[in-house]
1. Select from the stretch 395-436 the residues that are out of contact with any helix residue (DSSP H, G or I) (no Cβ under 7 Å at 6 or more places or on another chain) and farther than 30 Å from residue 358 by Cα and list them in ascending order.
2. Scan the stretch 438-459 for residues that are crowded, with 24+ Cβ neighbours inside 10 Å and not aliphatic (A, V, I, L, M) and report the count.
3. Is it the case, given these coordinates, that residue 99 is surrounded by 24 or more Cβ atoms within 10 Å (Cβ to Cβ) and touching a Pro at 6+ places or on another chain (Cβ under 8 Å)?
4. Name the strands (runs of 3 or more DSSP E) wholly within the stretch 337-433 that hold at least 2 residues that are within 22 Å of the chain's Cα centre (by Cα) and either crowded, with 20+ Cβ neighbours inside 10 Å or among the aliphatic types (A, V, I, L, M) (or both)?
5. If residue 187 satisfies all but one of (1) surrounded by 13 or more Cβ atoms within 10 Å (Cβ to Cβ); (2) at pLDDT 95 or above, what's the number of the condition it fails?
6. Count, please, the residues in the stretch 345-372 that happen to be among the basic types (Lys, Arg) and either in the same structural domain as residue 508 (by TED's automatic domain parsing) or modelled with pLDDT of 95 or more (or both).
7. Can you tell me which of 466, 501, 547, 485 is within 30 Å of residue 358 (Cβ to Cβ), free of Cβ contacts under 8 Å to residues at least 40 places away in the same chain and among the aliphatic types (A, V, I, L, M)?
8. What is the one condition in (1) outside any helix (DSSP H, G or I); (2) in contact with a helix residue (DSSP H, G or I) (Cβ under 7 Å, 6 or more places away or on another chain) that residue 74 does not satisfy?
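The values are calculated or read from the model by the stated rules, or taken from the named source; none is laboratory data. This structure is a prediction, so every number in the text was calculated from the model and none was measured. Glycine also receives a Cβ, built like all others from the backbone with ideal geometry; neighbour counts cover every protein chain displayed.
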Amino acid sequence: MDRHGKDWAGCYAHSRPGADEAHWQTLRAHAEAVAGMAARFAEPFASAEAARLVGRVHDAGKADPLFQAYLRGKGPGCPHACVGAKWLDANVPAVGRLLAYAVDGHHAGLPDGVGGAAALADHLCKAKLPEGVEAEPVANPAALLPGFLRKEGNLKAWLWVKMLYSCLVDADWLDTERFMNPERAAARPKTFDGLPTLLARYRAHMATFRADTPVNRLRADVLRSVLAKAGEAPGLYSLTVPTGGGKTLASLGFALGHAAAHGKRKIVYAIPYSTIIEQTTQTLSDVLGAKNVLEHHAEAKWREKEDEVANPLRQLTENWADVPVVVTTNVQFFESFFSALSSRCRKLHNVAGSVIVLDEAQKLPEAFLAPCAELLRLLVADYGCTVVLCTATQPDLSAFGLTGVRELAPDVDALYAKLRRVDYHLLGRVGWPDLADRVAREPGALCVVNTRQDARDLFAELAKRVGEGAFHLSTWMCPAHRRDVIAEIRRRLAAGLPAHVVSTSLIEAGVDLDFPAVFRALAGLDSLAQAAGRCNREGRLPAHGQVYLFEEPAERIPRFLRKAIQETKQIGHYEVSLHRADSFRRFFFAYYRMVHNRGEEILKKLKVVDELEEALEEREPYGEEVCFRAVSEAFHLIPNMGEQTVFVPYKKGCNILRRAISRGLTKERLKMLRGFTIQITETQRKGLSQIGIVRPLEIYDVKTKEKRKPKEGEPQFYALMELRNSYDSRIGANLVYDSLDPSELFG
């Protein structure tokens, strides 16, 4: 009799096609392997025994004769995850209900506690323990809990379950892969340079840095200050340095030194925009070696090769295991923590014990600041993480619980004064023709506007004046297209050739470009400063660079920017305020009070209603009403505004898209097309569909080997057809469908 209630002799966890039962994986072998791995994964947050327990019982339901018959091809099988959950709830007083969430959801995703057929309560009610599974209750359930959880319940319990769930799911998938697909398991990268080695490599790289210009001397001052503080205690830090002050390499030096001093396991860079992911990845790879830096986001390129073995790092996007440095997006990082899906949660346990650098921290979405800040606070308090809020325009997040933040940069106000490289001018309201005239008169210039339509309209005027030196950047261009344009702009600037760029705000946060003049439509104070950071960035001009601020007509200002512009105007005195760090703290303090914060509603959903200490004393179920799925559905950093994903025919994407149209969309083609997408509204989609420019994609069904329409609940993807003028090499997708001449498209 197993100590958890069942002699599993003769029971199997996995069969192997074409092999006799002697070569199947036994249930006991799988359970013990998963339990051992899960326990190791949970050691960094003092939860090894709880993880071991959920690992041992997670597949207890497979001992059911119906499931064993299913493995032998003699029946439909039966649900098995709810059985282990039932055992935990019945035999682990008080905290068994928390553990049950992880086991019940290890395939289908974490459930809510109550609320219908998908809820844990319903699953526990319907589940039946196979004969012989009963066992003596765990005598001391409190011993399964880490100290931080016993002191305070509520949100801490929610995050603890997520981390346990991550350990279980990752261990389950890894052991299943080892048995079912040993070739793929063997190809999984396991050898990386340790963080101390990477620190030595970083020091060798920085030894070649020459403080040969005023800007570089200030960067060296910043670097010395930051590195001197690397040995300080783990916690919350800020790195507030004006644009062009060398934040990326300074933050890397701190992260490596801090990790070496305190035994941290990993460095995670979270970045708001995919447009600067590759730039940051390349910078870190140049210093640390490409094999040590994992780039993980929806648009990550894998050289368009379907053979995963050719790109072994690709496997590590599943769980971030072992790789010392991860570069990801805010969306990937935060939505993974708030997701209920096993595939998203699998990596979470590997964040414990990390240094987390939030680059461009001011871009945390204000609607979700409350839950994001609370998550960061708990990762620092309970999971051994250090967080660095890195930006030129530092927000004040104390109202959201992030207090005691220590600054790494030396004398921030003095840095702003010393790194002043631009003068500001207020132009007032300017029409596009006049603005295009002013931009064209500059030897090179960047003009940032607030909407995609504004960018297209102004570019049309500018292109008439400067010809091939005009460039357009907006999200009506697919990510691969934007990368190519940015590379060409950078090449022209380096060669001393004129470049006149019209862009939306996507260029502001961290894109390393340097113009002699910048024009910026009025927006939030931080956006004005970030745009100015692309002007005289390296301080090479004999005098200051020139930044011109202008106002758009009221009817052109998007609703989501009106409050930010209102608060910017309240601060005013741009020539003074944009050169002072405290201006941004005042701006964010006032702005955060003005915006509606949906995050508060999410925090309410996260609350565990009972008290843990009381539940332990009474041995009553704790955490009956946790809402994992409801929170997952509510937490989307990029809100779903009814937009549709459309794949566009750009360069290499053309051939992939043709195959998807003719043969159907597979998972592999979907991954390969992620760099060739745009988002359009449903109204635009309908209009473009009516004239045949956009069409829905069918899915390739691996069972029937035929194309089929998406089933209910499956996402619908669309293709922008490869027609004349439907996708322009300069401006991207042509979405002004009511002005298109069909003869120009189909002629």
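1. Correct list: 425, 427, 428, 429, 430, 431, 434.
2. 2
3. In short, no.
4. Numbers: elements: 354-359, 386-391, 422-429.
Of the strands (runs of 3 or more DSSP E) lying wholly inside the stretch 337-433, those with at least 2 residues that are within 22 Å of the chain's Cα centre (by Cα) and either crowded, with 20+ Cβ neighbours inside 10 Å or among the aliphatic types (A, V, I, L, M) (or both) span 354-359, 386-391.
5. For residue 187, the exception is condition (2).
6. Step one: of the stretch 345-372, the residues among the basic types (Lys, Arg) are 346-347, 363.
Keeping just the survivors that are either in the same structural domain as residue 508 (by TED's automatic domain parsing) or modelled with pLDDT of 95 or more (or both) gives 346-347.
Total satisfying the criteria: 2.
7. Working: 466 fails: within 30 Å of residue 358 (Cβ to Cβ); 501 fails: free of Cβ contacts under 8 Å to residues at least 40 places away in the same chain; 547 fails: free of Cβ contacts under 8 Å to residues at least 40 places away in the same chain.
Going through 466, 501, 547, 485 in turn, just one is within 30 Å of residue 358 (Cβ to Cβ), free of Cβ contacts under 8 Å to residues at least 40 places away in the same chain and among the aliphatic types (A, V, I, L, M): 485.
8. Of everything listed in (1) outside any helix (DSSP H, G or I); (2) in contact with a helix residue (DSSP H, G or I) (Cβ under 7 Å, 6 or more places away or on another chain), residue 74 misses just condition (2).
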